[in-house]
Amino acid sequence: MFELQKIRHSLFELINKKIEIETNKHRYQGFMINIDPVTLTILIYNNDDIDQILMIFYHSIKSIKPIANCDEIFNQNFQKFCDKFFQTSNVNPNEIDDTDENMKNSRQKLLDIFAKNNVPVEEIDQTLIAAYYVCIDPPYTLNDCKSSNMIVLDRIKSIIEQNLLN
């Protein structure tokens with residue numbers, strides 16, 4: 001048990017570092033972005049040839065060695081990759097009309113929808129907080145709804161979509 005804790009600790013120190021992993025069949029290089037604390041499965045981001053995230057199971061690893069710390073270029077490339085990978089809509093963010101008047105109209109539409117559906121809303125600065133868990137920032141689109149509670153987030157998005165279609 002002690003040995004496993006020691007291995008976990010040393011693996012977590014490699015997060016955000018460029019590493020080389022050797023398995024029985026392949027050799028991988030990339031930036032370690034995460035590690036599953038239970039299975040010790042490692043996720044690495046490789047942007048050498050094409051942007052990709054690789055999942056490497058701990059039981060297949062022969063050796064791991066750090067190569068370098070991540071730098072600003074890596075952070076920018078990885079952020080662009082995540083933005084592209086997790087894009088939930090076909091709407092181009094550059095095409096959103098975020099003038100003050102349109103944002104006020106969008107914000108008011110949401111407030112009206114929430115009032116109509118008895119959804120509690122708080123306003124903190126420019127952020128709307130719906131149902132105590134969902135933060136909606138300007139320009140107040142479905143893509144701007146964020147929450148760690150996926151059930152509540154899906155329900156709020158569903159309410160918004162249903163009312164916008166009517």
* Asked: Whole-Hz Karplus ³J(HN,Hα) for the range 18-24, in order, using 6.51 cos²θ - 1.76 cosθ + 1.60 and θ = phi - 60°, x for Gly and Pro?
  -> 6, 10, 10, 10, 10, 10, 4
* To do: For the range 26-33, take each phi angle, set θ = phi - 60°, evaluate the Karplus expression 6.51 cos²θ - 1.76 cosθ + 1.60, and give the result in whole Hz per residue in order, putting x for glycine and proline.
  => 9, 10, 10, 10, x, 9, 5, 9
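Computed from the coordinates by the stated procedures, all read-outs in this text should not be read as laboratory data. Everything numeric here is computed off the predicted structure, so don't read it as measured data.
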